[in-house]
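The values are calculated or read from the model by the stated rules, or taken from the named source; none is laboratory data. Quick caveat, the model's predicted, so the values are computed rather than measured. Reconstructed Cβ throughout: ideal geometry from the backbone, glycine too, with neighbour counts over all protein chains shown.
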Amino acid sequence: MKNRKHKSDLVILFATLGLMALGLIVIYAIGPMRANVLNNTYGADYDSNYFFFGQLRAVALSLLAFFAAFKWIPYKYVKKYAKFLLILSLFLCGLLWVLSMLNSSLAKCELGECRWFQFGPISFQPAEFLKLAMVIYLADFLTRKREEGSIGKLREFWLPLSIVCGLSLFLVVIAEGDLGTGVALISIIFGMLLIAGVPARQYLILLALILVVAVGAVATSSHRMERVNAWLDTISGSESSDSTYHIENAILAIGTGGFFGVGIGNSVQATGYLPESINDSIFAILGETFGFIGLFLVIIVFAVILLRMLKVASSTPAFDEHLFIVGVFAWVFAQVVVNIMAMTGLVPVTGITLPLLSYGGTSMVFLAYALGLVLQLSCYTSREVITNEDISSGGRLGRTYHSSRRRSS
């Protein structure tokens, strides 16, 4: 087995580009409706094409990040700065928390939660940067600890890991109130720990601890408990209320789409009935627009990307690269599954976006960069290569090659 650079995984490439294009089309169709709702409800002054051009900029930046990671920035160079990237992302999350407490204009807040930096017309969500930094850092950290033989040891392994992960989750879930990003981070951490070879008993204890903390975080938040109660009311068939409005309209949008959908530009829910129609709820809008067939195809495309990532990971010889791809897999998997389950009423609404489709620049740019690195690593997966020595030695490969030529002649 020899490693040579070969063609990248074109399936991941075209599936990623296809999802970006689909998201752009949908935002073009429903963006004017969203602008109209905000103008009438809050007295804003959004142009009808504001959200489309915003998404167009996001896609352009994401493509730049995607191809920069794919073609120009080697993964071995990125991993050299794993610690720096993590420290920088944590610093930015902490700085945002401080600025929000000081009521600074640099902290952008919506619905009582401050999750963005605001620099004039440009906003930046540091938690999305933290996801990427966490994947890169853990791939490097777990690989080093595996080589040292210290995985599972309290002082060498669990203490630094607990500090990093605990601080990350505190800044995202508690300080910023972003449970959706917290779910993605937990998925990344547990997915990579599972592959790194953490002892099963320790892994299960940590999982139980996280579940207890998660339940406590929900139980001590009136906003989160309201969402849980709304979900319970919905699945039990209780009378509609303000708290069940979001879930009910998401399900209604999907049901209205039927088998083939109402068509592009004909969405009713996007005119103001379904909250966050261009962000967290875009899966429901896709269902209304393209119907069951459209949703099925979108799910298939995501499934193909995830399966291809697993295939690339299984063929990647370097363990740190293998872990990195697993981390990106866990990141995408968590967001896709939780978003779809929330929009179909299977779990409470969590405020998590649908990758590459939902409106927003920061989340798409950093995920596109991560997928670009995966695509880069797909060029160096292990494969059998017939060399001149194999042929001249008359070995098995050489005999097979010549005999096949004789059979075909």
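Annotations for the structure displayed:
- Filtered residues of the range 275-314 (kept if closer than 25 Å to ALA35 by Cβ, of a type outside the set (Phe, Trp, Tyr) and outside any loop (DSSP other than H, G, I, E, B)): ILE282, ALA284, ILE285, LEU286, GLY287, GLU288, THR289, GLY294, VAL298
- Matching residues in the range 224-250 - criterion: being buried (at least 16 other Cβ atoms within 10 Å of the Cβ) and in contact (Cβ under 8 Å) with a residue 24 or more places away in the chain: ARG224, ARG227, VAL228, ALA230, TRP231, THR234, HIS246, ILE247, ASN249, ALA250
- Filtering the range 7-28 to residues that are in a helix (DSSP H, G or I), of a type in the set (Gly, Ala, Ser) and surrounded by 18 or more Cβ atoms within 10 Å (Cβ to Cβ) leaves ALA15, GLY23.
- Yes/no for ALA253 being assigned to a helix (DSSP H, G or I) and modelled with pLDDT of 90 or more: yes
- Within the range 315-355, tally of residues that are more than 14 Å from the chain's Cα centre (by Cα), over 16 Å from MET134 (Cα atoms) and assigned to a helix (DSSP H, G or I): 4
- Exactly one residue out of PHE91, PHE66 is part of a helix (DSSP H, G or I), touching a Phe, Trp or Tyr at 6+ places or on another chain (Cβ under 8 Å) and either surrounded by 15 or more Cβ atoms within 10 Å (Cβ to Cβ) or modelled with pLDDT of 95 or more (or both): that is PHE66.
- For the range 31-61, the set of residues classified as part of a loop (DSSP other than H, G, I, E, B) and aromatic (Phe, Trp, Tyr) consists of TYR46 only.
- For the range 137-149, filtering for residues that are assigned to a helix (DSSP H, G or I) and either among the small types (Gly, Ala, Ser) or touching a strand residue (DSSP E or B) at 6+ places or on another chain (Cβ under 7 Å) (or both) leaves 1.
- Residues of the range 29-55 classified as among the aliphatic types (A, V, I, L, M) and loosely packed, with under 15 Cβ neighbours inside 10 Å, total: 1
- Residues considered: ALA284, ALA270. Of these, the only one that is buried (at least 22 other Cβ atoms within 10 Å of the Cβ) and out of contact with any Leu (no Cβ under 8 Å at 6 or more places or on another chain) is ALA270.
- Considering GLY182, GLY152, the condition of being without any contact (Cβ under 8 Å) to a residue 40 or more places away in the chain and either part of a loop (DSSP other than H, G, I, E, B) or closer than 20 Å to LEU209 by Cβ (or both) is satisfied by GLY182 alone.
- Test: residue in the range 28-46 that is of a type outside the set (A, V, I, L, M, F, W, C) and on the phi > 0 side of the Ramachandran plot: yes
- Exactly one residue out of GLY94, GLY120 is of a type outside the set (Phe, Trp, Tyr) and more than 22 Å from the chain's Cα centre (by Cα), and it is GLY120.
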